[in-house]
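I have placed the structure first, in the form of structure tokens, so that the comments after it can refer back to it.
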Amino acid sequence: MKFQIEDVTVYFPYDYIYPEQYSYMIELKRALDAKGHCLLEMPTGTGKTIALLSLITSYSLSKPQTSIKLIYCTRTVHEMEKTLAELKLLHNYQIKHLGPQARLLAIGLSSRKNLCVNPTVLASENRDSVDAGCRKLTASWVRAMAAENPNVPTCQFFENYERAASAAVLPPGVYTLQDLRVFGKEKGWCPYFLARHMVQFANVVVYSYQYLLDPKVAGIISKEMQKESVVVFDEAHNIDNVCIEALSVSVRRQTLEGATRNLNRISQEIDRALEHMKFKYWDLLHLFVFTVEISLCVKFKATDASRLRAEYNRLVEGLALRGNLPITDNWLSNPALPDDILKEAVPGNIRRAEHFLHVLRRLVQYLRGRLDTENVEKESPVSFVASINSHAGIDQKTLKFCYDRLHSLMLTLEITDTDEFLHIQTICDFATLVGTYGRGFSIIIEPFDERMPHIPDPILQLSCHDASLAIKPVFDRFQSVVITSGTLSPIDLYPRLLNFHPVVSRSFTMSLTRDCICPMVLTRGSDQLPVSTKFDMRSDPGVVRNYGKLLLEMVSVVPDGIVCFFVSYSYMDGIINTWNDSGILKEIMQHKLVFIETQDVVETTLALDNYRKACDCGRGAVFFSVARGKVAEGIDFDRHYGRLVIMFGVPFQYTLSKILLARLEYLRDTFQIKEGDFLTFDALRQAAQCVGRVIRSKADYGMMIFADKRYSRHDKRSKLPSWILSHLRDVNLNLSTDMALHIAKEFLRKMAQPYEKIGGSGRKTLLSEEDLEKMGDGGMDEMLY
């Protein structure tokens, strides 16, 4: 369908549109017109993605003079592929109506592991190994050696891409990761480097949050993006945690041991180089007494005087070479934010390679000493840097340059197996960040995990507490940033957490022809004993028994799939063992099969596949999962895969965590956010995310049981999204197991009746082109509310 929103002709690839989609587009257009940022909460299953894509691409088509680029950020590769599939459908529709003028280039960008087509490189186990395998075949010095010696292996796909030069371009169209791999194989070009090159020319780019929020990645991938871009963070309810993780570093004993091995390896490379050069170029060494390091290939090929001089001059000028490096030689970028990176010469005490290694050895030794503690220690970066200076003789400026100096050294020694140097990279990350930032961070040293005090596992953590630090460059740089999700309530907390001022902030409800969502709050069992996962109640035999009886009753009446979420892995393991010992689990399995999420990705994937098979064949199944786990964040249980979701307890974070306590203190002092408010907000957004997995369209239906007496309190449940609260009736707020069972039976009987999808009784939930034309200014509110 095609319709007008003020001066913009919107092309929408379906015959009908939901009223909330239309309202969503109106608010989004307001933000684009104002060239400002916005917060939009849209219920799950109401077509948020296609509404975003339709409005923004149509806005660009209606205003060709503005040349807007869309940068769409997703959390997972699966979501990226779904977004590109929707965009492909929309693009075909726009081409059908507008012809060639609607052509655009849209690409998905992911890691080498997801885009590489070289079977030799893909044989590696993990992402870091794939990156290193690619570097071994494509680094500039490797290719230079291959030009002289044909026996040196290179990547044929990359060589073909390089030979094609300016002819290596993608024709207009929408390219998923699979499309890029197919195109690369057909042309014989490397899809990864082709996509990297085409990012700057594409109208729409879809990639991960980290490509914009993590300075190490953003400094390489996203530095060329123009200001006239609209950035969308989809499913952004946890965006503050992503920002914090991007600027946090953890150091364990294994890290320090690995860093020591890395330093020994680098030292051997330098010593061999010096011996080789002493033998051949003794006079040259005397001439360049201040030269930083002697550049060697893996084969220790001698370099000429001009390269030595260029290396020394580059370091004096402040490592300015990075922007001119071949694309294959780029490692990760500086972990500090762009505005905080020093634009000056490298300190003289680390210009020579051996001096720099000596500094890193002292730093590693100092960190090893700090890990040998029996007490929890908390320190500010300022006092920690002062301590490093007094005990190890390393000043703040030297720490700031550690990462850049390591990057230079790795390039000069022409090391390709970068996956083996992750430990020393972590140490230099830590040094650069702790030397750069004095506010918004804490150093926390814990000798063991408080939940397992009998196992010594010391960890030193540079913890970022201020989510606004990582996202500030994005807000400052780009014209409009859209933060959207199905669970952003309470929506007024996000501007305070991220320290920005949205021009539009709106939460939408779901327009339904029938009440296909049935949320319930269960506060007690059939024996009237209260249920809760509060610390003093969670292990109570009565609570565990009542939780088991609740699930047992539900599996006997609810068809197909049931999903259960627990507050943690440890609690899930404990309660399943208790159910098994008491025979409850055996009774549950007489009705449905049981599958369990584990911390192993392969096991969980296999469990999910078998769960879906059990639902498909009519046997029915129960899936046990964990709030904040992978399943809770990215897996949909639509249709018969999820007719009921039970949230056992309130998924609060571990409140004795020293990192959490430090963050709460910072939020209270800096943003005046109370500890209780933040903890409740964080727990309820996780709970909403879990139960939201069960409704993925308006034709779907499902029940949600919040099994904890604390949900009956207004201050807790009021933090749930409005689209859930609008269906949570007062009679469903204080239920026992037998009452919930009765409501479930009635709901399922009601859902079994035929219904009118478009909507009857004068209230439409699907709008046609004619409806939009007839609708007056106030008509939309009447339909929605």
(request) Would you work out the relative contact order for the range 517-752, in percent, from Cα pairs under 8 angstrom that are 6 or more residues apart? (result) 34
(request) Pick out, from F421, V694, Y571, the residue whose Cα sits farthest towards the positive end of the charge dipole of the chain, with +1 on the Cβ of Lys and Arg and -1 on the Cβ of Asp and Glu. (result) F421
(message) Quick check on the chain: helices-only [θ] at 222 nm, where DSSP H runs of length 4 and up contribute -39,500 (n - 2.57) each and the sum goes over total residues. Nearest 500, please.
(response) -14500 deg cm²/dmol
(message) Which one, F12, V531, I327, is farthest towards the positive end of the dipole of the chain when Lys and Arg carry +1 and Asp and Glu -1 on their Cβ?
(response) I327
(request) Check the straight Cα-Cα distances from K586 and name the aspartates and glutamates below 14 Å, setting aside those fewer than 8 residues away within the same chain. (result) E553
(message) Need one number for the range 1-159: average projected area of the convex hull over its C-alpha atoms, nm².
(response) 13.2
(request) Among (1) 358; (2) 187; (3) 176, find the value of volume of the Cα convex hull per residue in Å³ that was calculated from the structure presented, and write down its label. (result) (3)
(request) Kindly provide the chymotrypsin sites (Phe, Trp or Tyr not before Pro) of the range 498-568 that DSSP labels as loop, not H, G, I, E or B, and whose Cβ sees at most 10 other Cβ atoms within 10 Å. (result) F535
(request) Mind scanning K630/K716; K378/K719; K216/K630; K2/K48 and naming the pairs with a C-alpha gap bigger than 27 Å? (result) K378/K719
(request) Measure off, as a whole percent, the carbon and sulfur share of the 1.4 Å-probe accessible area of the range 517-752, all protein chains present. (result) 53
(request) For K63, go through the aspartates and glutamates and keep the ones whose alpha-carbon is under 20 Å away, minus same-chain ones fewer than eight residues off. (result) E6, D7, E27, D33, E228
(request) Note down the relative contact order for the chain as a percent, whole number, built from C-alpha pairs under 8 angstrom at least six residues apart. (result) 17
(message) What do you get for GluC sites (Glu not before Pro) in the range 111-213 restricted to DSSP loop and a cutoff of at most 10 other Cβ within 10 Å of the site's Cβ?
(response) E125
(message) As a test, work out the antiparallel percent of DSSP beta bridges whose residues both lie in the chain, rounded to the nearest 5.
(response) 25
(message) Using 27 Å as the Cα-Cα cut-off, could you pick out the over-long pairs in K185/K227; K223/K400; K82/K774?
(response) K185/K227; K82/K774
(request) Please name which of W723, Y755, Y711 has its Cα lying farthest along the dipole of the range 635-758 towards the positive end, using unit charges on Cβ (Lys, Arg +1; Asp, Glu -1) and the Cα centre as origin. (result) Y755
(request) Name the long-range amide H neighbours of F441: under 5 Å, sequence gap of 5 or more, or other chain; modelled H, no Pro or chain starts. (result) H465
(message) Let me check I've understood the local charge: for A259, count other residues with C-beta under 10 angstrom from its C-beta, Lys and Arg +1, Asp and Glu -1. What total comes out?
(response) +2
(request) Starting at the first residue of the range 675-686, write each ³J(HN,Hα) from the Karplus equation 6.51 cos²θ - 1.76 cosθ + 1.60 with θ = phi - 60°, in whole Hz, x for Gly and Pro. (result) 4, x, 5, 5, 4, 5, 4, 5, 5, 6, 5, 5
(request) With a cut-off of at most 15 other beta carbons within 10 Å, and DSSP calling the residue loop, which trypsin sites (Lys or Arg not before Pro) in the range 593-648 qualify? Please list them. (result) R619
(request) Run down the aspartates and glutamates and flag those whose C-alpha is under 20 Å from the C-alpha of K764, throwing out any fewer than 8 positions away in its chain. (result) D15, E20, D515, D700, E756, E773, D777, D781, E782
(message) How large are Rg and Dmax for the range 185-271 when calculated on the C-alpha trace, in angstrom?
(response) 18.6, 51
(message) Please list 3J(HN,Hα) in residue order for the range 117-131, calculated via the Karplus relation 6.51 cos²θ - 1.76 cosθ + 1.60 where θ = phi - 60°; whole Hz, with x for glycine and proline.
(response) 10, 7, x, 5, 6, 5, 5, 5, 6, 10, 5, 5, 5, 5, 4
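The values are calculated or read from the model by the stated rules, or taken from the named source; none is laboratory data. Because the structure is predicted, anything quoted here is derived from the model rather than measured. Virtual Cβ from ideal backbone geometry, glycine too; neighbours counted across all protein chains shown. Please note that ligands, DNA and RNA were not included when accessible areas were found on the heavy atoms of the full protein model with its side chains. Shrake-Rupley method; radii C 1.70, N 1.55, O 1.52, S 1.80 Å.
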